[in-house]
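What follows is calculated from the coordinates using simple rules that are stated; it is not laboratory data. Quick caveat: nothing in here was measured; it's all calculated off a predicted structure. Because the Cβ atoms are built from the backbone with ideal geometry, glycine has one as well, and the counts that use them run over all protein chains shown.
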Amino acid sequence: MDTAPVDPLIGVLVDKRYLIERRVARGGMATVYQAMDQRLERPVAIKIMHPHLAEDEDFTRRFIQEARHAARLAHPNIVNVFDQGQDGGITFIVMEYLPGITLRELLQDFGALTPAQTLDIVTAILQGLDAAHTAGIVHRDLKPENVLLADDGRIKIADFGLARASAHNTATSQALLGTIAYLSPELISRGEADVRSDMYALGIMMFEMLTGEQPYQGDQAITVAYQHANDMVPAPSSKTPTVPARFDQLVEWCTQRSPDDRPPHARALLEHINELARTIGVANLTKASQTINQTVAMTQKISDLDLQPTEVLSPRSSVFDGLEPSESSQDTREINFHDEVEFQQPVRQRAGRRGVTGAIVSILILIALVGGGSGIGWWWLNQGPGSSTSVPDLSGLSITEATIALTQAGLSVSETVMEEFDLVLPAGTVKGTSPAAGEALDKQAVVTLIVSLGPNPVSVPSGTGQSLESLRTLLEAQNLLLGTTNKEFSDFVALGQVLRLTDIDGVDLAAGSQVLAGSTVNAVTSAGPIPAVEGLSVDEARDLLQGVGLTGVVGGDGAYSSTIPEGSVVEIFGLGARTVVPGDTLTLLVSRGPELVKIPDLIDETIQDAKQALEDLGFVVDVRSEYPESEWDRSFARVTSLSPSVGQEVAKGSTIILRSFV
């Protein structure tokens, strides 16, 4: 029977100090273990980088640098980093060990939280973020998986500063959705982030805590990213009508698409949260953390977006203006409890699709202010209707670059854009114009930008039973690539035909499931059926299996058989419970011949009882008696002899002669 492999690091003493006791979780960048600090006799969490990443000197250097940044953040609402180092080929970070659950697990168990519970958790998160933002550190990956709720009631933020050390593609698309749900529009579109990006992520988390669901959902990362960049987060009360309007305002403020319209840093939002908590009343607050007897990891699954670096800002950055280190996590400002909370930035009216349009309008206004002619005649001949120009080729440019190029060519840019999927150009990149490049237009004619949405979702075709060439044609029709092919034995699909399709991580892809155009799809083809070896000699069975790339070995205790001679193969052990691929070794069970059974002493038993006992043992019974069958159960109808006789061992299934005479 197969058993799970034992982790080779269990029981290892790292750095002559940390004894690894058990594995807690494995991510794309590292594995987290529970360990015992032998020097201080305390449990710790130790995060060990995967060996293939530790071989990269640049990766290791930045991993160590970011661990030092995280260690600077000594705060009760941030997971403490105790130590970092290298021991041979092991690169590790030692962190505070917290038994408890994550906010993600709390939401999975209880769904939506009450407004009071949400305030409790958000207040703790903001106190931790306040310390980080004051130190000039942006988390960049704030999500429920990185908020730990300890059994003793403490709430802490995990994984500060570790994302920047990621420089390799170590995660799947499925994990990507788990992180992109909380990324701000500027992170998605430009890869830029400051403390206001953390405010956006926290606003998404507040929405999820109040409603039990994320505001933007989709099977593909591109679908969720598009909504972040173009839509306004709905009010939590639209999903859960009992949510107070004050919480709708908080979520709206935090999730504005423009960073300038959000809280400037954690301290600003914390002041409003504290006032809102006082307005509701302390007696109504309930602890959101639950005491659950389980241990959680210090980190969760790492996704592709975790691989973007955590940004450390200079404390002189403008986003930190007015932010000074606080001496405690409590708000010491005097606030009138009866006044309505005045938000620092007014929230603009909700409007659809303002991100791209607003950018174009702003650029045009800037160009108009900077430029200008020296007279109406000059304008008519050079910029006005009296002149003509051609549409420049803008493919591959950003919206800003394309807008400037069109304006310099004397053309106007439409405030609306067309959007199309594109297999090559990244989302947000200009792929063309309407009218097309090269067309002659009057000066000041309006041109509409066509912006790429990135690769489009496509359906995986049904490949079962297809040849590889037919499958390649089907995939190419969907803009998909055929990757590697592997073989498995099958009794149902002919040799060489496709059994199933998988993604690059080996996960099966059902027909009709959605992937992004340009993705690689791997195929598993049939190696044909496994040859039948029942009744063959061991040598004959081995030769037959070897002919299809399999190895046969004799194993087990054999099996009794009344039809297969002793020494011949009865069956292949466990064949129906496993997937067999070329190169596998199969266990042959050999016949021990028929099973022998000792004939019991049934002399003086009634014919009926004796016959039943022999049949229960697997024998065929031949009754020879002067008594009719209707009297076989009578006391005088007793067995006088058996043939073969009592005590002999004969093969199960043999015929036993039962005699009964006076």
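Label point of T242 set 7 angstrom out along Cα-Cβ; within segment 109-132, amide nitrogens under 20 Å from it belong to 109-122. Listed values for segment 239-250 are Karplus-derived 3J(HN,Hα) couplings in whole Hz (6.51 cos²θ - 1.76 cosθ + 1.60, θ = phi - 60°), namely 9, 10, x, 7, 6, x, 4, 4, 6, 4, 5, 4, and x replaces Gly and Pro.
Coupling constants for segment 42-56 follow from the phi torsions by the Karplus curve (6.51 cos²θ - 1.76 cosθ + 1.60, θ = phi - 60°), and in residue order they are 9, x, 9, 9, 10, 9, 10, 5, 4, x, 5, 7, 5, 6, 7 Hz; glycine and proline get x. The amide H of T433, built 1.01 Å from its N in the peptide plane, has I450 as neighbours under 5 Å, considering only residues 5 or more places off or on other chains. Each of M49, M209, M418 has some number of other Cβ atoms within 10 Å of its Cβ, and from fewest to most they run M418, M49, M209. Computed on segment 1-103, with alpha-carbon pairs under 8 angstrom and 6+ residues apart, the relative contact order is 20 percent. Subtracting the Cα-Cα distance of D219 and A477 from their residue separation scaled by 0.36 nm leaves 90.7 nm. Arranged from fewest to most other beta-carbon atoms within 10 Å of their beta carbon, D120, D543 become D543, D120.
At an R0 of 56 angstrom, the distance between the Cβ atoms of S434 and D508 translates into a FRET efficiency of 0.85. If both residues of a DSSP beta bridge must be in segment 457-526, then about 60% of such bridges are antiparallel. List the aspartates and glutamates whose Cα lies under 15 Å from the Cα of K143, skipping any in the same chain that are fewer than 8 positions away. Candidates past the 8-residue exclusion: E105, D159, D198, E208, E213, D304, D306. Under 14 Å of direct C-alpha separation, and excluding same-chain neighbours fewer than eight residues apart, K611 reaches these aspartates and glutamates: D601, D622, E629, E631, D633.
Applying 1/(1 + (r/R0)^6) with r as the Cβ-Cβ distance of E41 and L596 and R0 = 56 angstrom yields a FRET efficiency of 0.30. If you take all other residues with their beta carbon under 15 Å from the beta carbon of Q546, and give Lys and Arg +1 and Asp and Glu -1, the sum is -3. For Q648, the residues 5 or more places off, or on other chains, whose built amide H falls under 5 Å of its own are I599. Spacing of the modelled spin labels on K16 and L617, each 7 Å from Cα toward Cβ, amounts to 7.3 nm. The slack between V554 and Q608, meaning 0.36 nm per residue of separation minus the straight C-alpha distance, is 15.0 nm.
Taking H as built 1.01 Å from N, whose amide H comes closer than 5 Å to the amide H of K443, not counting residues under 5 places away? Amide H to amide H, under 5 Å and 5 or more residues apart or across chains, K443 pairs with S387, S388, T389. Ranked by how many other Cβ atoms sit within 10 Å of their own Cβ, fewest first, the residues D56, D159, D152, D15 fall in the order D152, D56, D15, D159.
With a Förster radius of 45 Å applied to the C-beta separation of V424 and T563, the computed FRET efficiency comes to 0.10. Cα to Cα, under 21 Å, and not fewer than 8 places away if on the same chain: which lysines meet these conditions relative to K16? Qualifying lysines at Cα under 21 Å: K47.
Label-to-label distance, T400 versus D56, with points set 7 angstrom from Cα along the beta-carbon direction: 2.8 nm.
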